[in-house]
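Below is one structure; the comments refer to it alone.
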Amino acid sequence: MNWLRSIILPAEGSAYARQVDDLYIAIIVICAFFFVLIAGLLSYFVWRYRRRGPDDVTPHISHNLKLELLWSIVPLIILTVLFFWGFNSYMVARVAPGEALEIQVTGKKWLWQFEYPDGMRTLNEVHVPVGKAVKFIMSSEDVIHSFYAPSFRVKMDVLPNRYTELWLQPREEGVHTLFCAEYCGRGHSDMLGKIVVDSEEKFQEWQALGDEQTRTMPLAELGALLYESKGCSSCHSLDGSRREGPSFRGVFGEMTSITGGPPVKVDENYLRESILDPQAKIVAGFEGIMPTFQGLLREREINALVEFIKSRK
Ligand code: HEC
Ligand SMILES: [Cu+2]
């Protein structure tokens, strides 16, 4: 059947896509079979029982029990099989596996925005690792959109003020198209996105670089954002006042005294160490309560925070 698949169906991006196609092809084949059977018999009977002359009278036949049972029971069996087959696939499509990677999707006129669990955001392009289940949790900022990924045979409405879900599990690397399948206004046809399926390593690398903002924003500015968003601000002030931790004002380049050790100069390496391994050197007069940010910050984000602290004169 593979030749048939390649003619009538788009590429299959997941095992689920194959499952949908199997059912689809089964329905087409069954329909084609019955079309030929019924249309063939019809044509044959039109010819076979044609009117042969003015005296040709059709015999009166009221019914044929055997034939009627046959044409009721056989379709009933076929349709019941198709129903449970379809229902089964539907259940697979509705329920995402528990360990899926969750990505938030926002549809708005006229683009797709994706947000990863760590806060990384992208527009119109979502990267996913091959072989992993990915769950999209979707909502709209304005009108109704519809998330449609034909290669994965999945489609789901994206509504304002409500979450809808959809999941897929790509089986090989590649790039697939994402459409909006609900007419949403003038720019509807621009709501084209890309689902990029990466190998596990490529996906990690891509995530490590961060989103557009993390990759391109000037370091000190990015640092200022992270100072707020990563919660540094709750323990470190910028104006010299004391919070849970020392203020960042004018620390750079100064000497700082350390509990149980010689004073150290606050340079880039010290700042980096303080962020990634806060327990290494505890500032005198403070407790070692700062959580480590190891694994929670990208390389460029660490540089940005260092740059930001440096700039607090
Ligand atoms: C729960 C409170 C808390 C949070 C949140 C926190 N810190 Fe700290 N931080 C401290 C404390 C307390 C100290 C002093 C004790 C020590 O050295 O571990 C400190 C020390 C530091 C130092 C050394 C400062 C100096 O004067 O020598 C740096 C640099 C630093 N933190 C950066 C950060 C950054 C960047 C963030 C956010 C990504 C952050 N901290 C988040 C509590 C916190
Ligand atoms: Cu739309």
ask   = What ranking do W47, W206 get, fewest neighbouring Cβ atoms within 10 angstrom at the top?
value = W47, W206
task = Calculate the dipole size of segment 101-209 relative to its Cα centre from +1 charges on Lys and Arg beta carbons and -1 charges on Asp and Glu beta carbons; express the result in debye to the nearest 20.
result = 360
query = Considering only Cα-Cα distances, which of the following residue pairs are longer than 20 Å: K108/K202; K132/K194; K108/K132; K194/K230; K108/K194; K281/K313?
reply = K108/K202; K108/K132; K194/K230; K281/K313
message = Just want to confirm a number: the relative contact order over segment 217-311, from Cα pairs under 8 angstrom separated by 6+ residues, in percent.
response = 35
query = What area, in nm² and to one decimal, does the C-alpha convex hull of segment 42-166 cast on average over all directions?
reply = 15.2
task = Describe numerically, in nm with one decimal, the distance between label points set 7 Å from Cα along Cα→Cβ at A220 and at L67.
result = 9.2
task = Compute the relative contact order of segment 101-209 as a whole-number percentage, counting only Cα pairs closer than 8 Å that sit 6 or more residues apart in sequence.
result = 29
message = What FRET efficiency comes out for K194 versus T259 if R0 is 45 angstrom and r is the Cβ-Cβ distance? Round to the nearest 0.05.
response = 0.30
Top positive-direction residue, dipole computed over the chain with Cβ charges, set V154, P75, M91 = P75
query = Where does each of R186, R242 land when they are ranked from fewest to most other beta-carbon atoms within 10 angstrom?
reply = R186, R242
task = Once you have the Kirkwood Rh of segment 1-45 from its Cα pairs, apply Stokes-Einstein at 20 °C and 1.002 mPa s and quote D in µm²/s.
result = 180
note = Checking rank on 233-239, 143-149, with mean other Cβ inside 10 Å and highest first, the result is 143-149, 233-239
key: For segment 101-209, alpha-carbon Rg over 2.2 N^0.38 Å   = 1.00
message = Per 0.36 nm of contour for each residue apart, how much would the distance between L4 and T292 grow if the chain were fully extended, relative to their Cα-Cα spacing?
response = 98.0 nm
query = What share of the DSSP beta bridges in segment 101-209 is antiparallel, in percent to the nearest 5?
reply = 65
message = For segment 217-311, compute the orientation-averaged projected area of the C-alpha convex hull (one quarter of its surface), in nm².
response = 5.5
note = Measuring from the longest principal axis of the C-alpha atoms of the chain, the long axis of helix 65-94 (C-alpha) lies at a number of degrees, nearest 10, equal to 10
ask   = Cα convex hull of the chain: mean projected area in nm², to one decimal?
value = 26.3
task = Please report L69, L123 as a ranked list, fewest other C-beta atoms within 10 angstrom at the top and most at the bottom.
result = L69, L123
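Any read-out appearing in this document is the output of simple, stated calculations on the displayed coordinates, not a laboratory observation. Source: prediction; values computed, not measured. Positions of Cβ are generated from backbone atoms using ideal geometry, with glycine treated the same way; all protein chains shown enter the neighbour counts.
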